[in-house]
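The next block holds one structure in the form of structure tokens; read it before the comments.
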Amino acid sequence: MFPSSKSLLLAISATMLASGAAFAEDTPVHGIAMHGKPALPADYTHFPYANPDAPKGGDVTYCVVGSFDNLNPFILKSMRTTARGVIDTIFGNLIFEPLMMRSADEPFALYGLLAESVVMDEARSYAEFNLDPNATWSDGKPVTPEDVIFTYDAFTEKGRPPYSSRTAKIEKIEKTGDHSVRFTFNEKADREFPLIVAMTPIIPQHAFDIETFDQTTLKPVTGSGAYRISEVDPGRRIVFSRNQDYWGEDIPSKRGFDNYDKITIEYFLNVNSMVEAFKKGICSVYAESDPVRRQHGIDFPAAREGKVVSETFTNGVPPAVSGFFFNTRREKFADPRVRRALSKLYDFGWVNTNVLRGEYERTLSYWQGSHLSALGKPADERERALLEPYADRVTPEVMDGTYGKMEMAGEPIGRDQMREALKMLQEAGYSLEGNALVNENGEALTFEILVTSEEGEKLAAVFQRALRKIGIDVSIRLLDDSQAQQRKQRYDFDMLIASVGFSGSLSPGTEQINRWGSAAANAEGSFNLSGAADPAIDAMIDAMLNARDMDDYSAAVRAMDRLLMSGAYVVPMQHDNDEWVAYWSDLDHPEKTPLYGYKLQTWWHKPDPE
């Protein structure tokens, strides 16, 4: 059988788009990639890591530490205490959906969701999205171009970063047909931005009042996703029920997803109570990074009887960077020499041997273990050209690739490292007076580390012990999750343990502006926790967003990696690329693990035996 003319055109245009060839004007494509060619053809039937025949039914309960007091994830108020699952990188976007869906098995490729296809020119100066005529909101009303336009109006006027700033790169948004909407971009837009637009969740105009959009709400919100909110117990529990009339159940990007009839998310005050709830069968899934907890956490009767399964998944992306974040907005941490000195005193070797059973590696690069990492590599010509205007921002050992050899060796720190750190601090204007390290004004260097778990408290205590040996008085404060989130949002801390992102990425892009860009340094609610505000970093982000080939793109990311390592905004701790998960045996999952790791959205409940 010959393919339909539409399928043939989609396949041809997708190939042209992916290969960088000139675009065929007004020809829609089914998928787009940031670089290279989308892996799946126009006639794909499902993502390779989803089981299209997964049974529907049953329920699952996820458990998290924290609290919630809001159901609108797009506003600044209670931004960090919005209920999980409404939009969620781990549990899935249960309520709100974007125009296109990202594949977890490719570095950065999108396929049709609310929009069944998109038209772009080769310069990516515009993107016209053709909405699926079958797309509806959970109340049955159709998804329209007017909803897309309203979304950007609401986000711009009353939304939170990064949604609130997206229209700054858009010249105009216009309805071009009953099911089509066109974005025309201005000179501020980069080559990634059309993909960011495609990934932005869309909200219904008829279900939101723009005048009150920025107010928190616990009233169930309406979206186009596969679930409706059926129960809300503020701060304790939220329940999602599958919409039996979900419009997207059979489209290729959603086949094999959203398999449970009911999803419950339970909230706990701390990890210990959550683990105990898992043992009792309250929680269906328990993910753990601590090797000690892995070993002892599942040693209970149900696990020994085979009712609980533990499994290790391996992903193919750089590890998420977690560590001690300096608040560089505070004068004591404004000097990178001070930060570099203190960074030398995190005793990874001791921690790995005595706390983590030797199962971890030291994290130093922000894209460690990938072609995007600069660790252990001398800068190439492209990187040197990018960094030439900012030569003083990168230390010689980071530039020549020798940085980190001692840290990666995993030996406990000794007197040599102590002396080196003290020498660096003296060069920054500090000196020892008695048992205290003081600056030129006689002010002692002291600070507080915020932590949110007992595990974090242990790691902070190791760091504290080393710092005290050179005259730095450090206190540790354990906060519950909601208190910590409020302090984060206001940047009210000296140092805290946090993560740069939920996961690493092989396609860093616009999100780096919100994590490291100068514009985000003092924007309330941004993820630039360290307060990094360096024109050199901004320039590297701009270079990566506008790179037209993979060599230039990779060079820009490695150059940024060098700036982040040299700037010492974070004292990175350690990582383990293996993802360990325990789950009750009535759950199952696809055989294939995608590039970005296992995806709970594709799991299912085993049917009851007949």
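The values are calculated or read from the model by the stated rules, or taken from the named source; none is laboratory data. Note that the structure is a prediction, hence the values are computed from the model and not measured. Every residue, glycine as well, gets a Cβ built from its backbone with ideal geometry; the counts of neighbours run over all protein chains shown.
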Under the condition of being part of a loop (DSSP other than H, G, I, E, B) and buried (at least 17 other Cβ atoms within 10 Å of the Cβ), which residue from region 18-36 is modelled with the lowest pLDDT?
-> Phe23
Checking Ser165 against (1) part of a helix (DSSP H, G or I); (2) modelled with pLDDT of 95 or more; (3) surrounded by 14 or more Cβ atoms within 10 Å (Cβ to Cβ), the condition it does not meet | (2)
If you check Glu524 against the conditions, is it of a type in the set (Asp, Glu) and assigned to a strand (DSSP E or B)?
-> no
Enumeration of residues in region 302-356 that are over 25 Å from the mean Cα position of the chain (by Cα), of a type in the set (Val, Ile, Thr) and not assigned by TED's automatic domain parsing to the domain that holds Trp584 | Val338, Val351, Thr353, Val355
Thr264, sole failed condition from (1) in contact with a helix residue (DSSP H, G or I) (Cβ under 6 Å, 6 or more places away or on another chain); (2) not in a loop (DSSP other than H, G, I, E, B) = (1)
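Just give me the residues in region 318-345 being in contact with a Lys or Arg (Cβ under 9 Å, 6 or more places away or on another chain) and either outside any helix (DSSP H, G or I) or without any contact (Cβ under 8 Å) to a residue 40 or more places away in the chain (or both), in sequence order.
Step one: of region 318-345, the residues in contact with a Lys or Arg (Cβ under 9 Å, 6 or more places away or on another chain) are 326, 328, 333, 336, 338, 341, 345.
Within region 318-345, Phe326, Thr328, Leu345 meet the criteria.
Here is a check on your reading of the model: is Leu529 surrounded by fewer than 21 Cβ atoms within 10 Å (Cβ to Cβ), assigned to a loop (DSSP other than H, G, I, E, B) and either on the phi < 0 side of the Ramachandran plot or out of contact with any Gly (no Cβ under 6 Å at 6 or more places or on another chain) (or both)?
So Leu529 fails the test.
May I ask you to say which residue of Ala532, Ala521, Ala556, Ala568 is more than 25 Å from Ala341 (Cα to Cα) and either out of contact with any helix residue (DSSP H, G or I) (no Cβ under 8 Å at 6 or more places or on another chain) or in the same structural domain as Leu450 (by TED's automatic domain parsing) (or both)? Break it down into steps so the answer makes sense when it comes.
On the way: Ala532 fails: more than 25 Å from Ala341 (Cα to Cα); Ala521 fails: more than 25 Å from Ala341 (Cα to Cα); Ala568 fails: more than 25 Å from Ala341 (Cα to Cα).
From the options Ala532, Ala521, Ala556, Ala568, the qualifying one is Ala556.
If you scan region 360-395, which residues turn out to be of a type in the set (Asp, Glu) and either assigned to a strand (DSSP E or B) or surrounded by 14 or more Cβ atoms within 10 Å (Cβ to Cβ) (or both)?
Just the residues of region 360-395 that are of a type in the set (Asp, Glu), to begin with: 361, 380-381, 383, 388, 392.
Scanning region 360-395 gives Glu361, Asp380, Glu383.
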Answer with yes or no whether Ala189 is of a type in the set (A, V, I, L, M, F, W, C), crowded, with 16+ Cβ neighbours inside 10 Å, assigned to a loop (DSSP other than H, G, I, E, B) and not assigned by TED's automatic domain parsing to the domain that holds Gly509.
-> yes
